[in-house]
Amino acid sequence: CGTLEMHVIIPALPATARAQGMSIGTAQLTITLYLIGLAIGQLLYGPVSDRFGRRPVLLVGLSLFTAASVITALAPTATILITARILQSIGGCAGLVLGRAAVRDGATADKAAGQLALLTLVMAMVPAIAPAIGGFLTAYINWRASYVLLAVFGGLTLVACGLLMPETASPHATRRPMVTSYARLLRSPRFLGYAVGGACSTTSFYGFMSASPFIFEGLLHQPTQRVGLYYLLLMGGVAAGSFS
């Protein structure tokens, strides 16, 4: 949910700004504040799910995501839309974090790497496909269609997890206090190096993603459905760089 909800709305940003009477900067808050919610959620979901279990925490997160998606689809004002986007990101982050945690819980050490790699591959495909879907939905229906899609996707995922997902966390696992664990990470030069490097590359990428639909439509006069397809080329380049 986390990656889908961010990328599917990107081609709809100019139409959203026009419909809600927002400036370009205000419309881009739907991406910026999403990332802040995503960052907060990643800090919390792991320790909370260690305490209460993967399954119930995931169901709560998906419920929040689905409810927030319904609100964004119906939002009458920019303020409500942006507020709901923050809640949507916090809820959608549950799948992003707990999907990986559940794989680690249920796999042996020799199999976990392969399963996590497969999960990462699937999640990497979403940013390439989602903008194309969002572009066509916006062009042929309206800007709210992408949010409706997210609400439907969230609801179906919630039902599927509620019916099929077992609890994977071991009740006998050793738990470290959250503050202690994060303090150890912040004292690790290797971790800080990876974190700062990843942050610099990621922020520049999403800076481009949030600005580019306005450039494509406003300056280059490209139709919305074509704007969504351009991101397929972008993500294809990212994939090619990963293999080089």
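The values are calculated or read from the model by the stated rules, or taken from the named source; none is laboratory data. Keep in mind that this is a model prediction, so the values were computed, not measured. What goes into the accessible areas is simple: the full protein's heavy atoms, side chains included, and nothing from ligands, DNA or RNA. Shrake-Rupley method; radii C 1.70, N 1.55, O 1.52, S 1.80 Å.
Values computed for the structure shown
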{"quantity": "Rounded to the nearest 10 Å², the accessible area of Val103 at probe 1.4 Å", "calculated": "30 Å²"}
{"quantity": "Karplus (6.51, -1.76, 1.60) ³J(HN,Hα), θ = phi - 60°, over the stretch 213-225, in Hz, Gly and Pro reported as x", "calculated": "x, 5, 5, 4, 7, x, 9, 9, 6, 8, x, 4, 5"}
{"quantity": "Additional length obtainable on full extension of the chain from Leu164 to Leu229, 0.36 nm per residue less Cα span", "calculated": "20.0 nm"}
{"quantity": "Rounded accessible area of Ile36 (nearest 10 Å², 1.4 Å probe)", "calculated": "90 Å²"}
{"quantity": "Residue-span extension gain [Arg184 to Leu220] - 0.36 nm each, minus C-alpha spacing", "calculated": "8.1 nm"}
{"quantity": "Global form of the stretch 126-166, assessed from the alpha-carbon gyration tensor, a/c cut-off 1.5", "calculated": "oblate"}
{"quantity": "Per-residue SASA entry for Arg104, accessible area with 1.4 Å probe, Å² rounded to 10", "calculated": "140 Å²"}
{"quantity": "In Hz, Karplus ³J(HN,Hα) per residue of the stretch 16-27 (6.51, -1.76, 1.60; θ = phi - 60°; x = Gly, Pro)", "calculated": "5, 4, 5, 5, 9, x, 9, 6, 4, x, 5, 4"}
{"quantity": "Global form of the stretch 20-84, assessed from the alpha-carbon gyration tensor, a/c cut-off 1.5", "calculated": "oblate"}
{"quantity": "Average accessible surface area per residue within the stretch 1-108, 1.4 Å rolling probe, Å²", "calculated": "38 Å²"}
